[in-house]
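> One structure, as structure tokens, below. Some questions next.
The values are calculated or read from the model by the stated rules, or taken from the named source; none is laboratory data. All values derive from a computational prediction rather than experimental measurement. Glycine also receives a Cβ, built like all others from the backbone with ideal geometry; neighbour counts cover every protein chain displayed.
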């Protein structure tokens, strides 16, 4: 029974590890996006290559220092650079909170795994002594 529980805990640990990795990737994407958004005021009037489709671009010109943000359900709204970075910061804070929670759960599972391993080793040692 303990070995089965140990395997289940190991699967849970690995699943949470994958979630943590995804959150970290999302945080990195937010950082890159935030850095790009902060540069918008510096490129007003410049000609740019804007993505049209995967691997395809169209020449455009940056006309203002506002950005257009997809806020969900296909709705796009215009935001200032400050408003856009605030949205990104808010999203990053939420992700950091989720990451902290997942890492705590992962630590708890790790401790539980160590306890189960100790139990199994104690049972094996007791069996060897008899």
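> Taking the stated definitions as given, is residue 63 surrounded by 11 or more Cβ atoms within 10 Å (Cβ to Cβ) and either within 23 Å of residue 48 (Cβ to Cβ) or at pLDDT 95 or above (or both)?
Numbers: surrounded by 11 or more Cβ atoms within 10 Å (Cβ to Cβ): no; either within 23 Å of residue 48 (Cβ to Cβ) or at pLDDT 95 or above (or both): yes.
Here the answer is no, as residue 63 does not meet what is asked.
> Restrict the check to the range 91-101 and report whether at least one residue is in contact with a helix residue (DSSP H, G or I) (Cβ under 7 Å, 6 or more places away or on another chain), within 19 Å of residue 41 (Cα to Cα) and part of a helix (DSSP H, G or I).
no
> Something else: Test of understanding: among 46, 65, 26, which residue is in contact with a helix residue (DSSP H, G or I) (Cβ under 7 Å, 6 or more places away or on another chain), within 27 Å of residue 83 (Cα to Cα) and free of Cβ contacts under 8 Å to residues at least 40 places away in the same chain? Spell out the reasoning first.
Working: 46 fails: in contact with a helix residue (DSSP H, G or I) (Cβ under 7 Å, 6 or more places away or on another chain); 26 fails: free of Cβ contacts under 8 Å to residues at least 40 places away in the same chain.
Just a single option satisfies the conditions, and that option is 65.
> May I ask you to list the residues in the range 115-130 that are out of contact with any helix residue (DSSP H, G or I) (no Cβ under 9 Å at 6 or more places or on another chain) and surrounded by 12 or more Cβ atoms within 10 Å (Cβ to Cβ)? Reasoning before the result, please.
Looking only at the range 115-130, we keep the residues that are out of contact with any helix residue (DSSP H, G or I) (no Cβ under 9 Å at 6 or more places or on another chain), and these are 115, 118, 121-122, 124-130.
Across the range 115-130, the qualifying residue is only 115.
> While we're on this one: Mind listing whichever residues of the range 32-43 are free of Cβ contacts under 8 Å to residues at least 40 places away in the same chain and closer than 30 Å to residue 99 by Cβ?
Restricting attention to the range 32-43, the residues satisfying the condition of being free of Cβ contacts under 8 Å to residues at least 40 places away in the same chain are 32, 35-36, 39, 42-43.
The answer is 32, 35, 36, 39.
> Then there is this: What about residue 54, is it within 25 Å of the chain's Cα centre (by Cα) and either exposed (fewer than 12 other Cβ atoms within 10 Å of the Cβ) or farther than 30 Å from residue 124 by Cβ (or both)? Please lay out each step first, then the result.
On the way: within 25 Å of the chain's Cα centre (by Cα): yes; either exposed (fewer than 12 other Cβ atoms within 10 Å of the Cβ) or farther than 30 Å from residue 124 by Cβ (or both): yes.
Yes: the conditions hold for residue 54.
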